[in-house]
Structures are given as structure tokens and as C-alpha cells.
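Q: Sharing a structure with you now.
The values are calculated or read from the model by the stated rules, or taken from the named source; none is laboratory data. Note that this is a predicted model, so its numbers are computed, not measured. Reconstructed Cβ throughout: ideal geometry from the backbone, glycine too, with neighbour counts over all protein chains shown. Accessible surface is based on the protein model in full, side chains and every heavy atom, while ligands, DNA and RNA are left aside. Shrake-Rupley method; radii C 1.70, N 1.55, O 1.52, S 1.80 Å.
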Amino acid sequence: EFLPFGLSARVGKTDNLSCSGECFCALCGPMINLFMSAVFLLLSDSLLGGCEYFILCNLALFSINMLPVIPLDGGRILYFILLRYKGVEFASRVVKVVSILIVVGLLLSGSLLLFYSGYNAFVLFIGCYLLIYVLTADSCF
């Protein structure tokens, strides 16, 4: 499935994964971003020059993906941790509320960033996309 910020792969039935397995799967993508940032940070002085933007982009992807908002990996991790201890209804409700609170924060900070910079609307764009997703999603997963 194509999304504005990447792809969402659905793999047949995943009912056999435990909550820990789901959390591990959700952590893999962001950890790759963190790993690539670390590798290029180590190599940037000795072998490669000008990797700063690559490192910063991977750190930004890691940070955004780890936000506990429903479609992102951080939201999946929060959902499956809560699911393990409190059940589906509680986990869904808490993740939805946390998602809305964080998205409101993104919208406010994105508006301030746009106001003070005069041109940078990226955080505001991400906030709008996530708000639409959170409000229109039927369930967390």
C-alpha cells in the first residue's frame, strides 16, 4: 500500500506473532535508520565526506517513526505493549488519545515553525496527514 510517507507492507496472516514479536518487527525499520546514521557518522571523517544530510535525514526518519502515533512504528509499539497487559479496547483507546495529543503538538509546533521561518511547512504537513489518518482510522490495527 502506498502512503504519502512511504510504503505499508501487509504480510498475509500475522496472527501467530506475539506482542513481543510485533514490537520487534516495528522496531526494525527505525533501528535501520539509526544504524545507518551511526555507520555513516563513523565513516564520514575517514572515508566519506559530506554525509551530514544523509545522517540527519536518517535521524529525522528515526525520530518521526518512533512517535507513538497510530500509523507509525512508535504507535504500533505502544499499542502492542498495552495490548499485552490491558487488552484490545484499552490499548486502542489509549493509542488513539495519545496519537491525537501528539498530532496536536505537531500541528502547533509546525505552525510556529512556519510562522517564524516563513517557508518550512514540513512539520505542519506531517501533522495534517497524521491528523487525517488518526481521525479516519477505524481501528488501530
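Q: Looking at (1) in contact with an Asp or Glu (Cβ under 9 Å, 6 or more places away or on another chain); (2) modelled with pLDDT of 90 or more; (3) farther than 18 Å from LEU78 by Cβ, can you tell me which one PHE35 breaks?
A: Only one criterion in (1) in contact with an Asp or Glu (Cβ under 9 Å, 6 or more places away or on another chain); (2) modelled with pLDDT of 90 or more; (3) farther than 18 Å from LEU78 by Cβ is unmet by PHE35, namely (1).
Q: Residue check, SER20 against (1) part of a helix (DSSP H, G or I); (2) of a type outside the set (D, E, K, R); (3) in contact (Cβ under 8 Å) with a residue 40 or more places away in the chain; (4) under 22 Å from CYS128 (Cβ atoms), all met but one. Which one?
A: (4)
Q: Just one of (1) more than 15 Å from the chain's Cα centre (by Cα); (2) open to solvent by 40 Å² or more (accessible area, probe 1.4 Å) trips up ILE100, so point out which.
A: Here ILE100 meets the rest and fails (1).
Q: OK, next. Can you run down the residue pairs with Cβ atoms below 6 Å, 6 or more apart or on separate chains, where the first is in the range 30-45 and of a type outside the set (Asp, Glu) and the partner is surrounded by fewer than 16 Cβ atoms within 10 Å (Cβ to Cβ)?
A: Short answer, once both residue conditions are applied: PHE40/PHE54.
Yes or no, residue by residue, for (1) at pLDDT 95 or above; (2) closer than 28 Å to PHE80 by Cβ:
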{"residue": "SER99", "(1), (2)": "yes, yes"}
{"residue": "VAL103", "(1), (2)": "yes, yes"}
{"residue": "LEU113", "(1), (2)": "no, no"}
{"residue": "TYR119", "(1), (2)": "no, no"}
{"residue": "LEU124", "(1), (2)": "no, no"}
{"residue": "GLY127", "(1), (2)": "no, yes"}
{"residue": "LEU131", "(1), (2)": "no, yes"}
{"residue": "VAL134", "(1), (2)": "no, yes"}
{"residue": "ASP138", "(1), (2)": "no, yes"}
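Q: Within the range 47-103, can you find the residues that are of a type in the set (Val, Ile, Thr) and closer than 18 Å to ILE132 by Cβ?
A: Within the range 47-103, ILE64, VAL69, ILE70, VAL95, VAL97, VAL98, ILE100, ILE102, VAL103 qualify.
Q: Which count do you get for residues in the range 61-97 that are surrounded by fewer than 20 Cβ atoms within 10 Å (Cβ to Cβ), charged (D, E, K, R) and in contact (Cβ under 8 Å) with a residue 60 or more places away in the chain?
A: 1
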